[in-house]
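In what follows, a single structure is set out as C-alpha cells and then discussed.
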Amino acid sequence: KILILDFGSQYTQLIARRVREAHVYCELHPYDMALDEIKAFAPKGIILSGGPKSVYDEGAPAIAEELFELGVPVLGICYGMQLMSCHFGGEVVPAGKREYGHAELQAQGTPGPLFDGFFVEGKSPVWMSHGDHVEKVPGNFEVVAGTANAPVCAIQNVARNLYGVQFHPEVNHTPRGELLIDRFVRQICDCSGQWTPGQIIEDAVIRIREQVGTDKVILGLSGGVDSSVAATLIHRAIGDQLICVFVDNGLLRLGEGDQVMDTFAENMGVNVIRVDAEQRFLDGLAGVSDPEKKRKIIGGLFVDIFEEEAAKLSDAKWLAQGTIYPDVIESAGAKTGKAHNIKSHHNVGGLPDYMKLSLLEPLRELFKDEVRAVGEEMGLPHAMVWRHPFPGPGLGVRILGEVKKEYADILRRADAIYIEELYRTGHYDKISQAFAVFLPVKSVGVMGDGRTYEYVIALRAVETKDFMTAGWYPLPYAELAHISGRIINEVKGVNRVTYDISSKPPATIEWE
Ligand code: XMP
C-alpha cells in the first residue's frame, strides 16, 4: 500500500484515485502524520502532494526529516518536490510569475526507471500550477526534465528511489501522468495490484460480519449509487439483519420513490421501510433561502428521522451510510483547514453525539468508480450503477432560494423530460451529470395569443472524470431545441429554458 501525505493541494484526491486505478490500495493522510504512525502504516511507497504554501513561508508545512531515511521510495509532486529539494540541500525560489496551465516538458539525459516512456521524442505535455520552482538541484539528484519557464521540473536519485516532479501527473491534463503514477506504484514501489472489485467485496463482507456480529443495522437508502451499493453489500454480508429506511423527503426525482421500493424490496428481498416525510422537510425549509442553511436543515431532519426510526427498531445498533472516500477526505480537510471547504457535505459528521448508533461505512475507502465496479460485480442493474450522481439534499439545492412544493413539482417534471430525452438520444451515458434547475424568477413569454409570465428552467450537463473540475457538455442544438420545446409545452408554469455553459471552476456543478 501507498501513503499519500497531503500538503493541502486541491488535487491531492486525484493522486489517490490514480494510485487506485493502478489497483493499488492507498491512503491519504495529513502531512504532519507522526513518524511512528507512518512506520506502523508500513507503506511500500510515499507520495508527497502539492500545496498552496511556499517552502520558505513562516510555518510552512514540513515533514519528519527521517521520512527520507525509511528506505521507502518517495515521489514529491510540486510542493512535495520543493520540500524534498530543500531537504537535500537544493534551493527553491519564487518564480517571476505564477505558472498555471499547459507546458511542454523537455527531457534531459536518460529518463531512468520512472520516466521511461514518459517522453515522446524528448517531450511530454504536462499541467503546471505553481508559484515557486527549484533553482538549484540538490547534489545527489539529477535533472530529468525542464520547461522554458522552470529549468528544473523533474529530478531523481535513482539509487535511493527518490523522485520529484514540478508538474501535476495526477490531473487529466497531463496525458501521460497516469502512466507515471502507475509506474511509480507498481514498478518503483513494487505493489502488486490486488485492489480489484472481487477482492474489495470479499474483504468488505468479512469485515462487516466481524464488525456487526448479530446486531441489527439500519441504513438510509436514497436510491443513489452509493447507498444502493452499500445496501447490497451489507445485505450480502448479513441478510435480514439489515433494515433500510428510505426517507422520501419530497425532494426526489419523478417516480424515484417507487423505483427504490421495486428494486430493493420487491426484487432483492431487502427489508425497506418507506417514510413519507415530504411535509416535514417542506415545513423545515419554509422561508429559508441560504444554500448552506438549507443543506444543514435537510441533513438535520434526515438525522432526526433516522433517530425516530431507530427508536422504533430498538434493537438496531448500527447506522450504515454510503459515505465514500472523497467525502471523508473533504470533511477531514474542512476540519483541519488543510483543503478549502467549498460546500458542506451532509453525509459525513452530521451525527449528533447523543445518537446511540455506531457508524458502519463499508464504502468509506472507495472512490466513485470503485463503488460502481463493486455494484456491477454484485449484479446491480446497469442503469442504477451508472445513474448520474444525485446530491444528498436532492432538489433542495436545485431549487434556488426558498423551496416550495410547487417549485419541486415543476422541477421534477422538467427534469424527467430532460433525462428521458438524454437517454433516448444516447447522450446520457456520455454525460457525467445532467439535471434541471428551477429558477424562481418569472419572465414574460407569449403562448398562443396570450401573454405568459412564468418561471425559468436551466439545464445543466457536465463532463468530468473526478467532479473536481468539469466542462459543460456540448449537447447538439437540435436536441436542445427539442428538449426546450417539450418542457415548455408539457410543464405548466415554465415558459423559458436556458442551457448552462459554465465550467467548474469557476462555477460549481450544482447551482447551490
Ligand atoms: P459541486 O456542485 O460542488 O458538486 O461542483 C460536485 C458533485 O457533488 C455533488 N454534491 C453533493 N452530493 N451532498 C451530496 O451527496 C451534497 O450536499 C452535495 N453537493 C454537491 C454534486 O451533485 C456533484 O456531483
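Looking at Glu99, is it out of contact with any helix residue (DSSP H, G or I) (no Cβ under 7 Å at 6 or more places or on another chain), at pLDDT 90 or above and not β-branched (Val, Ile, Thr)? So that I can check it myself, show each step before the final result.
Working: out of contact with any helix residue (DSSP H, G or I) (no Cβ under 7 Å at 6 or more places or on another chain): yes; at pLDDT 90 or above: no; not β-branched (Val, Ile, Thr): yes.
Criteria not met by Glu99.
Looking at (1) closer than 16 Å to Leu5 by Cα; (2) at pLDDT 90 or above, find the lone condition where Val92 falls short.
Unmet for Val92, out of (1) closer than 16 Å to Leu5 by Cα; (2) at pLDDT 90 or above: (1).
Here is a list of conditions, (1) surrounded by 14 or more Cβ atoms within 10 Å (Cβ to Cβ); (2) at pLDDT below 95, and Arg496 meets all of them except one; can you say which number that is?
Only one criterion is unmet by Arg496, namely (2).
Could you check the range 232-259 and list, in sequence order, the residues that are within 16 Å of the ligand (Cβ to nearest atom) and of a type in the set (A, V, I, L, M)?
Passing the criteria: Val247, Leu251, Leu252.
Name the single residue that is nearest to the ligand (Cβ to nearest atom) among those in the range 485-512 being without any contact (Cβ under 8 Å) to a residue 12 or more places away in the chain and within 33 Å of the chain's Cα centre (by Cα).
Per the stated criteria, the residue is Ala507.
Show the residue pairs that are 6+ apart or on different chains and have beta-carbon atoms under 8 Å apart, the first residue being within the range 468-482 and more than 16 Å from the ligand (Cβ to nearest atom), the second being aromatic (Phe, Trp, Tyr).
Partner pairs satisfying both residue conditions: Leu475/Tyr499; Leu480/Tyr499.
Regarding the range 119-126, can at least one residue be identified that is touching a residue at least 12 places away in the same chain (Cβ under 8 Å), surrounded by 19 or more Cβ atoms within 10 Å (Cβ to Cβ) and under 32 Å from the mean Cα position of the chain (by Cα)?
Yes, some residue in the range 119-126 is touching a residue at least 12 places away in the same chain (Cβ under 8 Å), surrounded by 19 or more Cβ atoms within 10 Å (Cβ to Cβ) and under 32 Å from the mean Cα position of the chain (by Cα).
Looking at (1) surrounded by 15 or more Cβ atoms within 10 Å (Cβ to Cβ); (2) of a type in the set (Val, Ile, Thr); (3) more than 16 Å from the ligand (Cβ to nearest atom), can you tell me which one Val444 breaks?
The one condition Val444 does not meet is (1).
Please enumerate the residues belonging to the range 373-418 that are in contact with a strand residue (DSSP E or B) (Cβ under 7 Å, 6 or more places away or on another chain), at pLDDT below 95 and hydrophobic (A, V, I, L, M, F, W, C).
none
The values are calculated or read from the model by the stated rules, or taken from the named source; none is laboratory data. Fair warning: this is a prediction, and the values are worked out from it, not measured in the lab. Quick reminder, even Gly has a Cβ in these numbers, built from the backbone with ideal geometry, and neighbours come from all protein chains shown.
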